[in-house]
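Novice: Please read through the structure below; I'll follow up with questions.
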Amino acid sequence: MVMKNLPSGCGFTMLWFQDIFIAGTDTTFATIEWTMTELMRHPRILRKAQDEVRRVVGAKGQVKESDLAELHYMRAIIKETFRLHPVVPLLVPRESIVACTLGGYDIPAKTRIFINTFAMGRDPQIWEDPLEYWPERFEIAGGEIDLKDRDYKLMPFGGGRRGCPGYTFALPTVQLTLAKLMYHFEWALPAGLRAEDISVEESFGLATKKEEPLFVAVRKSDMYEFKGE
């Protein structure tokens, strides 16, 4: 389909591959880094996440995709990260086809519109204690506020027919990566660093990342070593 829409004589160039690779990895990495940052800032949440993964996986020695459906708290953690640290805070811009009214504002035709998910995720009219990292808010809400929620509370992948096509790939990738990190490793802060000292300053780019890299002390778990091929 892509090839058919390209000008005559054009093929799949390195720029196409670059767009696909960056869109599929940069945002995923940033989400994982933000999640680990908040887990290191909140030891209680880290312990609860580890307890859940290790209880579900048990002594199998390997987290598999089939385990993800049972990791309810892990999903709440990821959604809370999407809410507080959206890696694409303005989503992909849209353009109005015809004149319309949106939220009481008159929008002329051919107007470019940005959806500010950063502001939505921190809006006290939508979320209780919006600046607090609290995954339990999603458990209280029945555990499942859909990432394509019809109330548009949480939409890190956009919405509608032109939402992010990588949704079904990116979400399991983040879930599986974090589950493996929780299961196989023990995490701590470097000596002298307190949880409240971890920076959450942002650096804006293709994906909104941490301005300062996250440094942690990590060691392999003696009880939950990897078993598999």
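The values are calculated or read from the model by the stated rules, or taken from the named source; none is laboratory data. A quick note: this is a predicted structure, and the numbers were derived from the prediction, not measured. Positions of Cβ are backbone-derived with ideal geometry, glycine not excepted, and every protein chain shown enters the neighbour counts.
Novice: Let me confirm something: among L91, L46, which residue is crowded, with 18+ Cβ neighbours inside 10 Å and either in contact with a His (Cβ under 7 Å, 6 or more places away or on another chain) or assigned to a loop (DSSP other than H, G, I, E, B) (or both)? Talk me through it step by step, then tell me what you get.
Specialist: Values: L46 fails: either in contact with a His (Cβ under 7 Å, 6 or more places away or on another chain) or assigned to a loop (DSSP other than H, G, I, E, B) (or both).
Being crowded, with 18+ Cβ neighbours inside 10 Å and either in contact with a His (Cβ under 7 Å, 6 or more places away or on another chain) or assigned to a loop (DSSP other than H, G, I, E, B) (or both) holds for just one of L91, L46, which is L91.
Novice: Does Y105 satisfy the condition of being of a type in the set (S, T, Y), under 15 Å from the mean Cα position of the chain (by Cα) and farther than 16 Å from A207 by Cα?
Specialist: No: the conditions fail for Y105.
Novice: Search segment 174-183 for residues being surrounded by fewer than 19 Cβ atoms within 10 Å (Cβ to Cβ) and of a type outside the set (D, E, K, R), and hand back the single one that is nearest to T25 (Cα to Cα).
Specialist: My answer is T177.
Conditions tested, residue by residue: (1) without any contact (Cβ under 8 Å) to a residue 24 or more places away in the chain; (2) over 28 Å from L71 (Cβ atoms); (3) among the hydroxyl-bearing types (S, T, Y); (4) part of a helix (DSSP H, G or I).
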| site | (1), (2), (3), (4) |
| --- | --- |
| M182 | no, no, no, yes |
| E186 | no, no, no, no |
| A207 | no, no, no, no |
| F215 | no, no, no, no |
| R219 | no, no, no, no |
| D222 | yes, no, no, no |
| K227 | no, no, no, no |
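Novice: Among the candidates K209, K227, K148, which residue alone is modelled with pLDDT under 95 and touching a strand residue (DSSP E or B) at 6+ places or on another chain (Cβ under 6 Å)?
Specialist: Unique residue meeting the criteria: K209.
Novice: When you look at F29, is it closer than 30 Å to I126 by Cα, surrounded by fewer than 18 Cβ atoms within 10 Å (Cβ to Cβ) and not β-branched (V, I, T), yes or no?
Specialist: On the way: closer than 30 Å to I126 by Cα: yes; surrounded by fewer than 18 Cβ atoms within 10 Å (Cβ to Cβ): yes; not β-branched (V, I, T): yes.
Yes.
Novice: Which one of the conditions (1) in contact (Cβ under 8 Å) with a residue 24 or more places away in the chain; (2) farther than 15 Å from T208 by Cα does L84 fail to meet, given that it meets all the rest?
Specialist: It fails just one condition, (2).
Novice: Of all residues being part of a helix (DSSP H, G or I) and buried (at least 19 other Cβ atoms within 10 Å of the Cβ) in segment 57-67, which is farthest from the chain's Cα centre (by Cα)? Just the residue, please.
Specialist: Per the criteria, the residue is V57.
Novice: Report yes if some residue within segment 161-169 is among the polar types (S, T, N, Q) and modelled with pLDDT of 90 or more; otherwise report no.
Specialist: First, pick out the residues of segment 161-169 that are among the polar types (S, T, N, Q): 168.
Add one more test, that the residue is modelled with pLDDT of 90 or more, and what stays is none.
No, the conditions are met nowhere in segment 161-169.
Novice: Of these, T37, T27, which one is at pLDDT below 95, polar (S, T, N, Q), more than 22 Å from M223 (Cβ to Cβ) and part of a helix (DSSP H, G or I)?
Specialist: Being at pLDDT below 95, polar (S, T, N, Q), more than 22 Å from M223 (Cβ to Cβ) and part of a helix (DSSP H, G or I) holds for just one of T37, T27, which is T27.
Novice: Looking for something out of contact with any strand residue (DSSP E or B) (no Cβ under 9 Å at 6 or more places or on another chain), on the phi > 0 side of the Ramachandran plot and exposed (fewer than 12 other Cβ atoms within 10 Å of the Cβ) - is there at least one such residue anywhere in segment 193-203?
Specialist: Scanning segment 193-203, I find no residue that is out of contact with any strand residue (DSSP E or B) (no Cβ under 9 Å at 6 or more places or on another chain), on the phi > 0 side of the Ramachandran plot and exposed (fewer than 12 other Cβ atoms within 10 Å of the Cβ), so the answer is no.
Novice: Moving on to the next point. Filter segment 98-130 for residues that are part of a loop (DSSP other than H, G, I, E, B), aliphatic (A, V, I, L, M) and in contact (Cβ under 8 Å) with a residue 24 or more places away in the chain; which is surrounded by the most Cβ atoms within 10 Å (Cβ to Cβ)?
Specialist: My answer is I115.
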